[in-house]
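Some notes on the structure that comes next.
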Amino acid sequence: MNELLELKGITAGYEQTVVLRDVNLTIREHDFIGIIGPNGGGKTTLLKVILGLLKPFSGGIVYHVTKQSLFGYLPQNSRFDARFPISVKEVVLSGLMSEKGIFKGYTKADREKVDDLLETYGMGGFGNRPIGELSGGQMQRVFLCRAIISSPKILILDEPSTYVDANFENEFYSVLGELNKTMSIVMVSHDLGTICSYVKTIACVNGGLHYHESNLITPEQLKLYNCPIELISHGTVPHRVLLKHDRTIEN
Ligand SMILES: Nc1ncnc2c1ncn2[C@@H]1O[C@H](COP(=O)(O)OP(=O)(O)OP(=O)(O)O)[C@@H](O)[C@H]1O
């Protein structure tokens, strides 16, 4: 598969604190990479480096494709205050902003694309509603529309299980399966059940990064990376999650 970008020997963190050390990762077309690891292990930091929001202390990113429309991003906590005066349609359109710049207007085709996306994701009747009036699950559908409207080559999701409501969960992951036919997906999750069911490969981030070419990862392997897990139950389905534990890097 064609390579889209490569992280090479990345060491990154904040001020004097090293969070990631000597991380290598290649993202290819059609990848679906699950990022797992303990709290504070550096998953979000890794996403920031991939997105170009955090400059590494050392190492570099090699882009094998143009950076235009490279990323769609669904952050962990994208909620709006109910008083925020912006409509659902405007939120989705804003996903085209980096492509167009602030000063170029949106075209009729852009607006039609918004309508199509909202329709596809069950939000057809909500286009003119203020975003703040939606439920958490509805908001996330809208943010997903915003993340994919530019047809990015890589869709990045930070902990979707924290905001996808139960009604939307199965549908959400089948939507991701469909999207994965045309874009690569990088998804952070604490939920190993979700990871093993939907992703193709796994990167365990705990200061360093261990990459697995499959979605099967044994508890023994996780322990080797200092990532202990526990079996918990949400509703009636028991599943494994990562325990809180110390990071492996000493600063
Ligand atoms: N802006 C920041 N300034 C300083 N330190 C930060 C900043 N953001 C994160 N950190 C620290 O960097 C470390 C890694 O944080 P990061 O958010 O990448 O971890 P994570 O694996 O995503 O954690 P979680 O699973 O809890 O979301 C943590 O110790 C955190 O406190």
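Determine which member of the set 56, 38 is more than 13 Å from the chain's Cα centre (by Cα), within 12 Å of the ligand (Cβ to nearest atom), surrounded by 15 or more Cβ atoms within 10 Å (Cβ to Cβ) and not acidic (Asp, Glu). Reasoning before the result, please.
Working: 56 fails: within 12 Å of the ligand (Cβ to nearest atom).
Unique residue meeting the criteria: 38.
What number of residues within region 177-195 satisfy the criterion of being outside any strand (DSSP E or B), in contact with a His (Cβ under 9 Å, 6 or more places away or on another chain) and modelled with pLDDT under 90?
The initial filter retains those residues of region 177-195 that are outside any strand (DSSP E or B), namely 177-183, 189-190, 192-195.
Checking the rest, the ones that are also in contact with a His (Cβ under 9 Å, 6 or more places away or on another chain) come to 180-183, 192-194.
Filter again for modelled with pLDDT under 90, leaving 192-194.
Residues in region 177-195 being outside any strand (DSSP E or B), in contact with a His (Cβ under 9 Å, 6 or more places away or on another chain) and modelled with pLDDT under 90: 3 in total.
Could you list all residues from region 9-31 that are away from the ligand (no atom under 12 Å from the Cβ) and surrounded by fewer than 13 Cβ atoms within 10 Å (Cβ to Cβ)?
9
Do we find that residue 57 is at pLDDT 95 or above and hydrophobic (A, V, I, L, M, F, W, C) in this structure?
Values: at pLDDT 95 or above: yes; hydrophobic (A, V, I, L, M, F, W, C): yes.
For residue 57, the condition - at pLDDT 95 or above and hydrophobic (A, V, I, L, M, F, W, C) - is met.
With 46, 5 as the choices, which residue is in contact with a strand residue (DSSP E or B) (Cβ under 7 Å, 6 or more places away or on another chain), in contact (Cβ under 8 Å) with a residue 60 or more places away in the chain and within 13 Å of the ligand (Cβ to nearest atom)? So that I can check it myself, show each step before the final result.
Details: 5 fails: within 13 Å of the ligand (Cβ to nearest atom).
The conditions single out 46.
Tell me, please, whether a residue that is outside any loop (DSSP other than H, G, I, E, B), buried (at least 17 other Cβ atoms within 10 Å of the Cβ) and modelled with pLDDT under 70 can be found in region 200-217.
No: region 200-217 contains no residue that is outside any loop (DSSP other than H, G, I, E, B), buried (at least 17 other Cβ atoms within 10 Å of the Cβ) and modelled with pLDDT under 70.
Here is a check on your reading of the model: is residue 73 among the aromatic types (Phe, Trp, Tyr) and within 9 Å of the ligand (Cβ to nearest atom)?
Details: among the aromatic types (Phe, Trp, Tyr): yes; within 9 Å of the ligand (Cβ to nearest atom): no.
In short, no.
If you scan region 120-164, which residues turn out to be within 16 Å of the ligand (Cβ to nearest atom) and touching a strand residue (DSSP E or B) at 6+ places or on another chain (Cβ under 7 Å)? Before you say what the answer is, go through the steps one by one.
From region 120-164, those within 16 Å of the ligand (Cβ to nearest atom) are 156-163; that's our starting set.
Within region 120-164, 156, 157, 158, 159, 160, 161 qualify.
Of the numbered conditions (1) within 16 Å of the ligand (Cβ to nearest atom); (2) surrounded by 19 or more Cβ atoms within 10 Å (Cβ to Cβ); (3) closer than 18 Å to residue 152 by Cβ; (4) touching a residue at least 60 places away in the same chain (Cβ under 8 Å), residue 51 fails exactly one; give the number of that condition.
(2)
Scan region 161-176 and give yes if some residue there is β-branched (Val, Ile, Thr), over 22 Å from residue 29 (Cβ atoms) and part of a loop (DSSP other than H, G, I, E, B), otherwise no. Even if it seems obvious, please write down each step before you answer.
Taking region 161-176 and keeping what is β-branched (Val, Ile, Thr), we get 162, 164, 175.
Now drop any that are not over 22 Å from residue 29 (Cβ atoms), which leaves 162, 164.
Still in the list and also part of a loop (DSSP other than H, G, I, E, B): 164.
Checking region 161-176: at least one residue is β-branched (Val, Ile, Thr), over 22 Å from residue 29 (Cβ atoms) and part of a loop (DSSP other than H, G, I, E, B).
The values are calculated or read from the model by the stated rules, or taken from the named source; none is laboratory data. No experiment lies behind these values; they were computed from the predicted model shown. Ideal geometry is used to build each Cβ from the backbone, glycine not excepted, and the neighbour counts take in all protein chains shown.
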